[in-house]
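S.K.: Sharing a structure here in structure tokens format.
The values are calculated or read from the model by the stated rules, or taken from the named source; none is laboratory data. Here the structure is a predicted model, which is why all the values come from computation and not from measurement. Heads up, the Cβs are rebuilt from the backbone with ideal geometry, glycines too, and the neighbour counts pull from every protein chain shown.
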Amino acid sequence: MKTYFVTGGAGFIGSNYIHYMLKKYGKEITVINYDALTYAGNLGNLSAVSDSDNYTFIKGDVCDKNLLQMVFAENCIDYVIHFAAESHVDRSIKDPEIFVKTNVLGTAVLLNTAKDSWYSGGSFKEGKKYVQVSTDEVYGSLGETGFFAENTPLDARSPYSASKASADMLVKAYFDTFKMPVNITRCSNNYGPYQFPEKLIPLMINNALHGKNLPVYGLGLNVRDWLYVDDHARAVDIVTQKGKSGEVYNIGGHNEKKNIDIVNILIEKLSELLPDSDKRKKTLSKDLITYVEDRKGHDLRYAIDPQKIMNELGWKPETMFSEGIVKTIKWYLDNSEWLKNVTSGGYTKYYKQMYGGGVQE
């Protein structure tokens, strides 16, 4: 039985990954979810598996060296899947230091803990691997054409992407210096269930359902490649099992969309999916779209070339945006209590203080 140590497992991508892994492997694996439960961490995301014998939750910070050392000493951990990160660009512009602490120092502490646990007799134990889950934002910004490949030079342009690029370089250094078994994955924008509503798609869904303004940066012409979260979870699993140590793998969905097109699609699909008897349908309108001052240093376009992972490991995205966005909207409509819980209380205060309503991506 393999043991997976998943950091940030109570967050959006991490919780979807845990659901995917437990559904696929069942009792063949053990999952330890290690999460600090910051504002975006929600154990409600994993309520369906919380009583499973092969699932354990540990509340902890990736910068807590003593706790990590204790967890590794008490468990035979085979794989580290490192999702935990401060991840919102707007917040990194307002408070860069927490991004450096969590994303850079936290990665260094986790890497060193895993290395010390796995390294014995001059080499690493068989069957161990550390997977760093990163982002396409480390590559910077594209023009109207071209794609990010694994050999694209890093050109991070926000405190968030700079912290992720720094973490990636640390992971590479542990491979180059110690021959530690590692992989780095860099994905495009994820969407799907359990996404905290500071990001574009759940924010717009939530605001539209409540008749609130839909804040769009600039003219909404920034382009992102959208990846359904289950496709991402499957890719991380494949990289863990089959990825060549030391390699980087880009994970993209081949679903490029302008931000304003995403907002228009959400309005259209919500109008189709809500019954005529639902009062919320009456307030749905493109008149809700409000253009706000553009983000500082807003990257124009991200687009991933996933040929390496497709050709070498046999992965490919299976969920087209037209299918995934409907599944996503239906999930939020069917889980209104989840949405209500995460957008009440502390979140409302945080949202107003940090962003004043203009948040996305």
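Let's see how each residue does on (1) aromatic (Phe, Trp, Tyr); (2) in a strand (DSSP E or B); (3) modelled with pLDDT under 95:
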| position | (1), (2), (3) |
| --- | --- |
| SER87 | no, no, yes |
| THR113 | no, no, no |
| TYR130 | yes, yes, no |
| VAL138 | no, no, no |
| GLU150 | no, no, no |
| ARG157 | no, no, yes |
| LYS164 | no, no, no |
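S.K.: Run GLN69 past the list (1) surrounded by 23 or more Cβ atoms within 10 Å (Cβ to Cβ); (2) under 20 Å from VAL109 (Cβ atoms) and report the number of the one that doesn't hold.
M.R.: (1)
S.K.: Against the conditions (1) touching a residue at least 60 places away in the same chain (Cβ under 8 Å); (2) in a helix (DSSP H, G or I); (3) out of contact with any Gly (no Cβ under 7 Å at 6 or more places or on another chain); (4) more than 27 Å from ARG280 (Cβ to Cβ), where does MET169 fall short? Just the number, please.
M.R.: (1)
S.K.: Can you run down the residue pairs with Cβ atoms below 9 Å, 6 or more apart or on separate chains, where the first is in region 74-87 and more than 17 Å from VAL236 (Cα to Cα) and crowded, with 21+ Cβ neighbours inside 10 Å and the partner is of a type in the set (D, E, K, R) and modelled with pLDDT under 95?
M.R.: What qualifies is GLU86/ASP95; SER87/LYS199.
Yes/no per residue for (1) in contact with a Phe, Trp or Tyr (Cβ under 8 Å, 6 or more places away or on another chain); (2) of a type in the set (Phe, Trp, Tyr):
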site: SER141; (1), (2): yes, no
site: GLU144; (1), (2): no, no
site: GLU150; (1), (2): yes, no
site: LEU154; (1), (2): yes, no
site: PRO159; (1), (2): yes, no
site: ALA165; (1), (2): no, no
site: PHE178; (1), (2): yes, yes
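S.K.: Same structure, new question: For region 306-315, name all the residues that are surrounded by fewer than 17 Cβ atoms within 10 Å (Cβ to Cβ) and closer than 21 Å to VAL223 by Cβ.
M.R.: Listed by number, the list holds a single entry, GLN307.
S.K.: Only residues in region 263-286 that are in contact (Cβ under 8 Å) with a residue 12 or more places away in the chain count as the first member; pair them with residues that are among the aromatic types (Phe, Trp, Tyr) and in a helix (DSSP H, G or I), Cβ under 9 angstrom, at least 6 apart or cross-chain, and list the lot.
M.R.: Once the first residue is in contact (Cβ under 8 Å) with a residue 12 or more places away in the chain and sits in region 263-286, its partners that are among the aromatic types (Phe, Trp, Tyr) and in a helix (DSSP H, G or I) give ILE265/PHE321.
S.K.: Looking only at region 174-190, count every residue that is hydroxyl-bearing (Ser, Thr, Tyr) and either more than 27 Å from ARG224 (Cα to Cα) or touching a Ser or Thr at 6+ places or on another chain (Cβ under 6 Å) (or both) and tell me the total.
M.R.: Residues flagged as hydroxyl-bearing (Ser, Thr, Tyr) and either more than 27 Å from ARG224 (Cα to Cα) or touching a Ser or Thr at 6+ places or on another chain (Cβ under 6 Å) (or both) within region 174-190 amount to 2.
S.K.: Also, quick follow-up: Among the listed residues LYS115, LYS164, LYS125, identify the single one that is surrounded by fewer than 19 Cβ atoms within 10 Å (Cβ to Cβ) and either in contact with a Lys or Arg (Cβ under 9 Å, 6 or more places away or on another chain) or in contact (Cβ under 8 Å) with a residue 40 or more places away in the chain (or both).
M.R.: LYS115
S.K.: For region 175-224, which positions are farther than 29 Å from SER47 by Cα and assigned to a loop (DSSP other than H, G, I, E, B)?
M.R.: Passing the criteria: LYS179, MET180, PRO181, GLY211, LYS212, ASN213, GLY218, LEU219, GLY220, LEU221, ASN222.
S.K.: Next up: With THR283, THR328, THR290 as the choices, which residue is within 24 Å of the chain's Cα centre (by Cα), modelled with pLDDT of 90 or more and among the hydroxyl-bearing types (Ser, Thr, Tyr)?
M.R.: THR328
S.K.: With the checklist (1) closer than 20 Å to THR3 by Cβ; (2) surrounded by fewer than 15 Cβ atoms within 10 Å (Cβ to Cβ) in hand, flag the one item ASN54 doesn't pass.
M.R.: (2)
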